[in-house]
Amino acid sequence: MNENILIVDDEKEIADLVEVYLKNDGYEVYKFYSGKEALNCVESVPLSLAVLDVMLPDIDGFALCQRIREKHFFPIIMLTARVEDIDKITGLTLGADDYITKPFNPLELLARVKTQIRRYRRYNTADAPIKMDAEEIDIRGLHIARESHKCTLNGRDLSLTPIEFNILWYLCEHKGRVVSSEELFETVWGQKYLDNNNTVMAHIARLREKMKEPARRPKFIKTVWGVGYTIE
């Protein structure tokens, strides 16, 4: 399989248990109990995915996620012992792709790891099939190319994660139509949408931040309250 997975959790029992399940499924595991050690690994090992605990003894998982996202775009799954929505939204806004609340079933985590890696490999340009005619969209200075997985805004490159790219592409592809959070989630994540799911909202906020969009009067991704999002 040749997939390298980073695990960062200061609870040794949990980290060891996750390691056993991942290794039994054929993954190469790099396990650490602190964030600083993990950062050294991130810079030296080609990783396919990271599983980060929120509460760490040196730097918290949110800060670690943010540091990773400065250079890398592999999927990140956050582990949190707290169930408050603000924790989930914070992680997703900083660039995480998924989160799971402790205590959790290791088989569920394993399933989510597989899903995230499959999605990343599908949309990563190194693995995506190359077509002769690339699909591209231009909207008032926003240029997005599906096959090259590149996006620019007024000539400035936007460094988007695969999830962020897929959200923006879907909205651009359906320009002029209001797309519900449920439709976006089920299309991009490929999972059933549940009520009170703030995942889409957090990623939209992150996209607007990267596009330097004013929160109250965005030029591109507009919120239609109670309905969804649209690019006009």
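Taken together, Leu64, Leu6 contain a single residue that is under 19 Å from the mean Cα position of the chain (by Cα), modelled with pLDDT of 95 or more and open to solvent by less than 20 Å² (accessible area, probe 1.4 Å), which is Leu6. All told, Tyr229 meets the bar of being in contact (Cβ under 8 Å) with a residue 40 or more places away in the chain, surrounded by 13 or more Cβ atoms within 10 Å (Cβ to Cβ), at negative phi and not in a helix (DSSP H, G or I). Every test in (1) surrounded by 15 or more Cβ atoms within 10 Å (Cβ to Cβ); (2) touching a Phe, Trp or Tyr at 6+ places or on another chain (Cβ under 9 Å); (3) without any contact (Cβ under 8 Å) to a residue 60 or more places away in the chain is passed by Ser48 save one, and that test is (3). The single condition among (1) more than 22 Å from Leu194 (Cα to Cα); (2) open to solvent by less than 60 Å² (accessible area, probe 1.4 Å); (3) in a loop (DSSP other than H, G, I, E, B); (4) at pLDDT below 90 that Thr125 does not meet is (2). When the criteria are applied in full, Glu164 fails the requirement of being farther than 23 Å from Cys65 by Cβ and either under 14 Å from the mean Cα position of the chain (by Cα) or open to solvent by 40 Å² or more (accessible area, probe 1.4 Å) (or both). Entry remark, region 31-45: residues being open to solvent by less than 50 Å² (accessible area, probe 1.4 Å), of a type in the set (Ser, Thr, Tyr) and within 20 Å of Phe104 (Cα to Cα) number 0 in total. All conditions but one from (1) of a type in the set (Gly, Ala, Ser); (2) at pLDDT 85 or above; (3) surrounded by fewer than 16 Cβ atoms within 10 Å (Cβ to Cβ) apply to Ser181; the one that does not is (3). From the list Lys192, Lys175, Lys212, the lone residue that is surrounded by fewer than 14 Cβ atoms within 10 Å (Cβ to Cβ), on the phi > 0 side of the Ramachandran plot and not in a helix (DSSP H, G or I) is Lys212. Among residues belonging to region 16-30 that are touching a strand residue (DSSP E or B) at 6+ places or on another chain (Cβ under 7 Å) and surrounded by fewer than 20 Cβ atoms within 10 Å (Cβ to Cβ), point out the one that is nearest to Ala63 (Cα to Cα). Filtering first and then ranking leaves Tyr30. Does Ile7 qualify as being under 20 Å from Arg121 (Cα atoms) and in contact with a Lys or Arg (Cβ under 6 Å, 6 or more places away or on another chain)? When the stated conditions are applied, Ile7 passes them.
Here's the yes/no breakdown for (1) within 14 Å of the chain's Cα centre (by Cα); (2) among the polar types (S, T, N, Q); (3) part of a strand (DSSP E or B); (4) at pLDDT 85 or above:
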| site | (1), (2), (3), (4) |
| --- | --- |
| Asp58 | no, no, no, yes |
| Phe73 | yes, no, no, no |
| Ile86 | no, no, no, no |
| Ala96 | yes, no, no, no |
| Val113 | yes, no, no, yes |
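Filtering region 137-146 to residues that are open to solvent by less than 40 Å² (accessible area, probe 1.4 Å) and farther than 15 Å from Met211 by Cβ leaves only Ala145.
The values are calculated or read from the model by the stated rules, or taken from the named source; none is laboratory data. Source: prediction; values computed, not measured. Because the Cβ atoms are built from the backbone with ideal geometry, glycine has one as well, and the counts that use them run over all protein chains shown. Each accessible area value is taken on the protein alone, full model and side chains, heavy atoms only, with ligands, DNA and RNA left out. Shrake-Rupley method; radii C 1.70, N 1.55, O 1.52, S 1.80 Å.
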